[in-house]
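Everything below concerns the one structure shown next.
What follows is calculated from the coordinates using simple rules that are stated; it is not laboratory data. The structure displayed is predicted, hence computed values, not measured ones. Ideal geometry is used to build each Cβ from the backbone, glycine not excepted, and the neighbour counts take in all protein chains shown.
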Amino acid sequence: MLYIVPTPIGNLRDITLRALDVLQACDAVLCEDTRRTQTLLTHFQIHKPLYRYNENDERSVARCLQALEAGKNCALVSDCGTPCISDPGWKLVKAAVEHNVPVTALPGPSAVACALSGAGLTGGAFTFLGFLPRKAGKAAKLLTQAAALKHPLVVYESPYRVIKMLELIAQTLGADIPVVAARELSKVYEEYARGTATQLAQQFSKQKKVQGEFVLIIDCFDAREDSDEDENL
């Protein structure tokens, strides 16, 4: 059995009781970084063999699959959050399914769900783009296409590139488009910064060092236009 186990995105108390049960009972833990996962397991006094899972190495995927086919129960984790959601894991899940290995996914911490809950922009549809391509042209094209749906867009970005990303959002979707920038979610310095793409780019540019992984929620929903459509029904 392959268990997909979400781990805390910051606050260790966010781990679920079921996740702890699975980690305690499994034969091995497949992880991105054995050091980070070892820190998590040690905190909860769990001692299990750790094997590094490298999504970009076919041999790594094959080794993990071989263990599963041999009848071992393995827990797949990423460094934080839910595996396979802008994190490694989907190739192993796909291979497991193709080889008739049972797969079950546990619910748990996810940065996109956490950020959307605190943003106050939607209670319904949204478009999740994850990490955008590094090339500005490709990223702009994706933003333009997704914005046409008029749902909030959710983008992941690192602290090292967030200013450039906000500037690209302003250039592509308009300088005044509203954005919520959520960072350090569930941690001591959690912040929801709100403003236009231009304002937030300027705000973070003034900081000596921008820290924390970001979830950017771009408000492409035009409430006035939606209201006009309702009146025409």
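Some points to look at:
- Most to least packed among 72-80, 138-146, 167-175 [average Cβ atoms within 10 Å]: 72-80, 167-175, 138-146
- Summing +1 for each Lys or Arg and -1 for each Asp or Glu among the other residues whose beta-carbon sits under 11 angstrom from that of Tyr160 gives +1.
- Net charge of the neighbourhood of Arg134, taken over other residues with C-beta under 14 Å away and scored Lys/Arg +1, Asp/Glu -1, is +4.
- Candidates Pro49, Pro178, Pro83: whichever shows maximal mean-square fluctuation once the chain is modelled as a Gaussian network with Cα springs under 10 Å: Pro49
- Sorted by Cβ neighbour density within 10 Å, fewest at the top, the residues Ile163, Ile218: Ile163, Ile218
- Surrounding net charge for Gly120, when Lys and Arg each add one and Asp and Glu each subtract one, Cβ distance under 12 Å: 0
- Extension gain for the segment Thr122 to Ala148, taken as residue separation times 0.36 nm less the Cα-Cα distance, is 7.7 nm to one decimal.
- Inter-label distance for Gln203 and Lys94, nm, one decimal - labels placed 7 Å from Cα along Cα-to-Cβ: 3.8
- Length available on full extension from Ala175 to Arg134: 0.36 nm per residue minus the Cα-Cα distance, which gives 12.7 nm.
- A straight chain from Ala62 to Thr104 at 0.36 nm per residue would run longer than the Cα-Cα distance by 13.2 nm.
- Counting lysine pairs in the chain that sit 8 or more residues apart in sequence, or on different chains, and whose Cα atoms lie under 20 Å apart gives 12.
- Between Arg36 and Ala113, the C-beta separation translates, for a Förster distance of 22 Å, into a calculated FRET efficiency of about 0.55.
- Antiparallel bridges, percent of DSSP beta bridges restricted to the chain (to nearest 5): 50
- Note on the chain: with charges restricted to the Cβ of Lys and Arg (+1) and Asp and Glu (-1), its dipole about the Cα centre is near 1080 debye.
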